[in-house]
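The values are calculated or read from the model by the stated rules, or taken from the named source; none is laboratory data. Predicted model, so just to flag it, every value in this text is computed and none were measured. Every residue, glycine among them, receives a Cβ derived from its backbone with ideal geometry; neighbour counts consider all protein chains shown. Each accessible area value is taken on the protein alone, full model and side chains, heavy atoms only, with ligands, DNA and RNA left out. Shrake-Rupley method; radii C 1.70, N 1.55, O 1.52, S 1.80 Å.
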Amino acid sequence: MTAPLDLKRLAQGERIQETLLVLEVEQRSFGPDKACTVLTLGNARGRIPTAPFWNGDQGRVDGVARGHVVQVIGEVGSYRDRRQLNVTSLRVLPKDSVDPRALLPSVGDVTRYWALLDRWRGDVRGPRLRRTLALFYDDFDFRAGYEACPASVRGHHAVLGGLLKHTCEVATIARAIAKACRADPDLVLAGALLHDIGKLEAYRWDGIFEHTESGLLLGHVVLGALMLDRKVRAEPDPPCSEQELMLLHHLVLSHHGVREHGAPVEPMTLEAEVLHYADNASAKTASMAEVLADPDNFPGDAAVTPSAHWMIRRRAYRGGSDWGVNEEPHSES
């Protein structure tokens with residue numbers, strides 16, 4: 001199979017003929033007689049906006065919607081130091097002729113993530129905690145959904161398999177913090193494994209990444225707590241006590257840290273505090289890495305983003321040094 005075109009690396013003047021996914025359709029109005037449509041097109045290796053389709057040209061994109069797969073011919077141009085695709089031909093492909101998931105970014109093979117989490121899960125000392133986690137992590141359908149789900153629809157780890165990768169990062173960070181501050185490492189691991197399970201019901205990834213109806217109305221934090229409650233109470237022989245279930249509920253419900261960030265309650269246990277900071281560390285560092293890796297965020301040869309980026313809410317700097325690692329070593333006197 002031919003590797004997808006790297007949209008992030010296209011140079012100005014380069015011509016393309018490619019199958020792409022419509023990620024966004026933006027209507028812009030500049031008065032009663034002047035309007036345009038801008039599409040954001042993407043594949044597994046990036047995204048690029050089109051040049052505006054102005055009044056007389058908007059008929060060319062009538063009926064084009066988010067999630068459509070299109071055959072595009074065009075040339076990469078630039079406007080105010082930002083790349084855009086000047087489209088000469090655009091055709092919506094028949095539904096089901098191309099699997100949209102093949103055009104979505106992905107973490108790739110997830111075997112290593114499962115191996116790590118399952119090994120740590122097997123080391124959990126408490127049999128009731130192991131049984132509770134197994135309700136999800138020994139379930140084939142849960143694993144199939146979890147390894148495909150993104151961790152966000154547009155933000156940190158917004159890729160197929162992003163949720164599983166994010167969970168591994170959170171577990172890794174949380175276990176290290178737990179060791180440093182003497183928190184219960186097994187309960188911290190359980191929090192990492194359960195904190196985002198609600199995203200399976202909150203997100204849809206069968207075409208483009210988007211929120212489900214329940215995701216919009218309830219949010220993944222509440223959905224996760226409800227999933228945990230249903231799963232435990234459906235067991236004829238409950239795997240944990242009511243007190244233990246409450247501790248797990250608290251981990252799920254408080255992991256965003258503060259109410260203004262979507263946490264129904266704030267962390268009140270050491271393990272919940274550890275989980276919150278581990279989750280935040282994974283999300284924030286992944287967001288910064290994504291901003292720094294995208295050349296479109298740095299017009300020309302700029303080392304600093306021209307303004308605060310929406311993902312990190314501040315400017316980013318991509319300068320650095322090799323600190324002499326490639327220089328000839330100096331002899332010590």
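Numerical summary
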{"quantity": "Failed item in (1) modelled with pLDDT of 95 or more; (2) in contact with a helix residue (DSSP H, G or I) (Cβ under 9 Å, 6 or more places away or on another chain); (3) surrounded by fewer than 15 Cβ atoms within 10 Å (Cβ to Cβ), with residue 8 passing the rest", "calculated": "(1)"}
{"quantity": "Residue match in region 130-143 (condition: small (Gly, Ala, Ser) and open to solvent by 30 Å² or more (accessible area, probe 1.4 Å))", "calculated": "no"}
{"quantity": "Flag if residue 83 is of a type in the set (D, E, K, R), within 28 Å of the chain's Cα centre (by Cα) and surrounded by 19 or more Cβ atoms within 10 Å (Cβ to Cβ)", "calculated": "yes"}
{"quantity": "Out of 215, 262, 219, 224, sole residue that is without any contact (Cβ under 8 Å) to a residue 60 or more places away in the chain, in contact with a strand residue (DSSP E or B) (Cβ under 7 Å, 6 or more places away or on another chain) and under 25 Å from residue 145 (Cα atoms)", "calculated": "215"}
{"quantity": "Restricting region 250-285 to residues that are within 18 Å of residue 176 (Cα to Cα) and of a type in the set (A, V, I, L, M), the residue that is nearest to the chain's Cα centre (by Cα)", "calculated": "283"}
{"quantity": "Residues satisfying the stated conditions in region 16-34, i.e. of a type in the set (S, T, N, Q) and without any contact (Cβ under 8 Å) to a residue 24 or more places away in the chain", "calculated": "27, 29"}
{"quantity": "Selection status of residue 320, open to solvent by less than 30 Å² (accessible area, probe 1.4 Å) and farther than 29 Å from residue 225 by Cα", "calculated": "no"}
{"quantity": "Index of the failed condition, residue 40 passing every other in (1) modelled with pLDDT of 95 or more; (2) loosely packed, with under 14 Cβ neighbours inside 10 Å", "calculated": "(2)"}
{"quantity": "Residue 167, sole failed condition from (1) buried (at least 20 other Cβ atoms within 10 Å of the Cβ); (2) part of a helix (DSSP H, G or I); (3) more than 13 Å from the chain's Cα centre (by Cα)", "calculated": "(3)"}
{"quantity": "Every residue from region 208-244 that is surrounded by fewer than 18 Cβ atoms within 10 Å (Cβ to Cβ) and either in a loop (DSSP other than H, G, I, E, B) or touching an Asp or Glu at 6+ places or on another chain (Cβ under 8 Å) (or both)", "calculated": "212, 214, 234, 235, 236, 237, 238, 241"}
